[in-house]
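Structure first, commentary second.
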Amino acid sequence: MLSFNRNVKLFLAQVFIMGIYTGIYGIVFNLHILELGFKTDFLGLMLSVSLLAASIASVPAGFLCDRFDHKKILVGSTFLSALAVLPLFISSSPPVLLVASALGGMLGSISTVCATPFLTENCERDEAVHVFSASAALGWAASVVGAALGGLVPMIWPLLHLQANRYQLTLIASVVLLFAGCAMLLFLKGGKCTRRHTTKPFSITKVRPSPETLKFAAISVIIGLGSGMVVPYFNVYFTKIIRASIFETGVIFAVANIFMVAGFIFIPYLAEKIGRARSAVITQAASLPFLILMAITTNLMAASAAYIMRMMLMNMAGPATTSLQMEVIHPEERGFAVGLISTGNSLAVAASTYVSGLLMVGGNYVLPFTITCIAYLAAAGLLYYFFGHRERRQNPGSTTA
């Protein structure tokens, strides 16, 4: 990380600060909404509105990113998204909460889509996997810290004799982190590709995704279909099937996050040895036996070990895949590609999550795991088929990616 340029270091610092904020938000926000007197159906509506808005905005966000300066779009959208979530912490009006959720999702989607091309243009090819791995590792590590703070800080307010909603106070206090992270982006300098070609008139009819973009989008949709089947229900899996306590489940999830950070640190070295596509394929395929073990066991220790290994192996492929996408896809299409890939994945996750919920209500837990295994295997196969040999052709006589 010491070898990264100034822009990347500043962005990673922002990722860490925002990761702490995200960890606090993830623990506290739902409880805050329930504390206001709303039911879980309204909470679910808020979350759905935010996810849907983010999915809809991803492709337009990609167009913006491709046509204008990455830094300006990144800074502007990050600050606006920070302002958009403030009403969520201070208002109890249902319309205001829903509108703020939608705006936060849309603006957050813009900064998320623009971040990947921005990092790509600010690093060298041979350090791209390291940069994306560092970003993922710092984000996950910070979220663990934030989750711990989210559980601790609400316990402090009553000791200070503050009678207000302790969850609301925690969220308002976390705004300091939110804007501190935003402030880090103000020190960014223009990257290698700061001048965008904005003089050409834009027409939606001229949009033609490249074959590479469509291939990555198809793989992302298949992964999303598999993920939605089981990932949102892992807490249900442990508490209802394995009969683990809430405390045990929390410990398992925390240990899994630690192993994921280790995986993010290791994946660049594997990618250097065998290539990014092949390293992603191998780690994804290696996660399948552990997913199968989760489907057939009722033993807490076996299920816990399988879950930890599955989370590490499946997720550590992400930085290698992202780096490969940014190299294969033309620079002028990267933003659009990221938006299209994100939208496809989100919609696939949403659809399969609903279907899986229907299956699990009927007591069928094995079929969702089976569908996930098939989807992951298909995605890994397609990734190797489309891109597994490309790196070898680009690097004749060497296995280094």
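For this structure, a couple of remarks:
- This model, with +1 at the C-beta of Lys and Arg and -1 at the C-beta of Asp and Glu, gives segment 209-401 a dipole about its Cα centre of some 280 debye.
- Calculated Rg and Dmax of the chain using C-alpha coordinates, Å: 21.2, 69
- Rounded to the nearest 20 debye, dipole of the chain from Cβ charges on Lys, Arg, Asp, Glu: 640
- Positive-end residue of 304, 363, 320, charge dipole of the chain with Cβ unit charges: 320
- Relative protection proxy for 85-93, 257-265, from highest mean packing down: 257-265, 85-93 (other beta-carbon atoms within 10 angstrom).
- More than 18 angstrom apart: percent of Cα pairs within segment 1-102: 59
- 12 Å reach of a label modelled at residue 265, 7 Å along Cα-to-Cβ, counting backbone N of segment 121-145: 134, 137-138, 141
- For segment 209-401, convex hull volume per residue from C-alpha positions, Å³: 107
- Cα convex hull of segment 37-157, projected area averaged across orientations, nm²: 9.2
- Taken as entire DSSP H runs, the helices of the chain that both span 15 Å or more between Cα atoms along their own long axis and average 1.0 or more on the Kyte-Doolittle scale are 6-35, 40-67, 70-90, 94-121, 128-156, 166-185, 211-230, 246-274, 276-296, 334-361, 366-387.
- Considering only alpha-carbon pairs that sit under 8 angstrom and 6 or more positions apart, the relative contact order computed for the chain is 27 percent.
- With the highest mean first, a sort of the peptides 66-74, 235-243, 111-119 on other beta-carbon atoms found within 10 angstrom per residue produces 111-119, 66-74, 235-243.
Only the coordinates and a few stated rules stand behind these numbers; no lab work does. Small disclaimer: the values here were computed from a predicted structure and weren't measured. FYI the Cβ positions are ideal-geometry reconstructions off the backbone, even for glycines, and counts take in every protein chain you see.
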